[in-house]
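The numbers here are math on the coordinates, done by the rules we state, and not lab data. This one's a predicted model, so the numbers in the text were calculated from it and none came from an experiment. In this analysis, Cβ positions are derived from the backbone assuming ideal geometry, glycine residues included, and neighbour counts consider all displayed protein chains.
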Amino acid sequence: MTELLGCKYPIIQGAYGHFGTSAIAAPVSEAGGCGIITAGALKTPEGLRADIRRAREMTDKPFAVNITMITRVMELAPQFLDVVIEERVPVLFTAAYRAEHLGKRAKEAGLKWIHKVATIKHALAAERQGADAVVLVGLEGAGFKSAVQVPTLIGITTLAKQIKVPLIAAGGIGDARGFLGALGMGAEGIYLGTRFMATKECPITDRAKQLMVNGDPMDPKFRDRALAPPRPEALARIQAQRDSIPTGEWLASLEKAMVSGSGGDVEMGSDAGELVGAGHPSLAVGVIDSVPTCKELIDGIVAEAEELLRRSGPLARILASN
Ligand SMILES: Cc1cc2nc3c(=O)[nH]c(=O)nc-3n(C[C@H](O)[C@H](O)[C@H](O)COP(=O)(O)O)c2cc1C
């Protein structure tokens, strides 16, 4: 994974539709992880180009760009990709709907292509379409939800036995235990959305970061939002409208049904309202207890992971002696 991404640690920062700029991507890459600039956060191809150049002034380490295939971004996707190729960004991440046409072009231009999905079926499809690696987001995670999504533990463990390209685990991961757990399940890297939002550099409000520090995964405003995939009946209703309403309108209603929490009829309190303004943090709030710099976070995860592995030494000796 580190060879594929050109970074020191297999720790990847998630894409964020509204604020995923160089402000967060560059410090993550500088600290040895893989930072991602989210094309949609820059709104235009020229905005993306300027932000890629800004990131290059902040770090000489490689970073990636995410193009999310949703209505707001989709029609600009080919132009965003032109910029990614022209600016020689080494890795393209895509997400949501099919993106094989982008992946194919990126690979022809010598880039690596990694697609992010919510289901095992779509992960295997991305592999068939030529993705160099796949991110699977478990139900605990933030972002688009699928009616057949399963929790990270079972999703990664099941998929790892079936897929040949490197697998990256996402969904509810935010500390050294989650990191080692994901590697144990068969992933070769971790992808953190919520956890990197609660860092000093992330361009969201300090109050939103503090709400994540105080956030309790048992609180319904986190629990119900995360563990609420779209209802199959709601998706079937939208599916039935496929040919009767304009495509843009149809896709927008599909996306509304898929975004995390929409299937749960969650009553939003004012705190949750503020967090929603910053995004939809996932159950990873359960492992967020501070707002470090990106470097402190990554160094902390790696150091604690090494310590945990050292402590598991006795177990290895017991297993070896039996
Ligand atoms: C505020 C916010 C905005 C997001 N926007 C996007 C996006 O535009 N594109 C995308 O691919 N994923 C997006 N995601 C999903 C994350 O990139 C990542 O897959 C997810 O947060 C992983 O789960 P975790 O939060 O438990 O780590 C977003 C997540 C959050 C919290």
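Tabulated data
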| read-out | value |
| --- | --- |
| Mean separation of Cα contacts under 8 Å, 6 or more apart, over the residue count of the stretch 113-155: relative contact order % | 41 percent |
| Förster-model FRET efficiency, 25 Å R0, Q162 and L183, C-beta, rounded to 0.05 | 0.90 |
| 25 Å Cα-Cα reach of K161 towards lysines, excluding residues that sit fewer than 8 places from it in its own chain | K112, K116, K121, K145 |
| Label point distance in nm, S312-T71, each placed 7 Å from Cα along Cα→Cβ | 4.5 nm |
| Fluctuation leader among L211, L309, L102 - the chain, Gaussian network, Cα springs under 10 angstrom | L309 |
| Per-residue HN-Hα couplings for the stretch 76-86 [Karplus 6.51, -1.76, 1.60; θ = phi - 60°; Hz; x = Gly/Pro] | 8, 3, x, 6, 4, 5, 3, 5, 4, 5, 4 |
| Inter-probe distance in nm under a simple model that places probes 7 Å from Cα toward Cβ, at R128 and R88 | 3.7 nm |
| Shape of the stretch 1-146, Cα gyration tensor, a/c cut at 1.5 | rounded |
| Global geometry of the chain, whether rounded, prolate or oblate, following the gyration tensor of its Cα atoms and the 1.5 cut on a/c | rounded |
| Label-point separation in nm, D216 to Q241, each point 7 Å along Cα→Cβ | 3.8 nm |
| Nearest-20 debye value, the chain charge dipole, Cβ charges on Lys, Arg, Asp, Glu | 680 debye |
| Mean separation of Cα contacts under 8 Å (6+ apart) over length of the stretch 1-157, as relative contact order % | 15 percent |
| Three-way shape label, the stretch 173-230, alpha-carbon gyration tensor, a/c 1.5 | oblate |
| Hits among aspartates and glutamates - C-alpha to C-alpha of K104 under 19 Å, sequence gap 8 or more where chains match | E75, D82, E86, E87, E127, D132 |
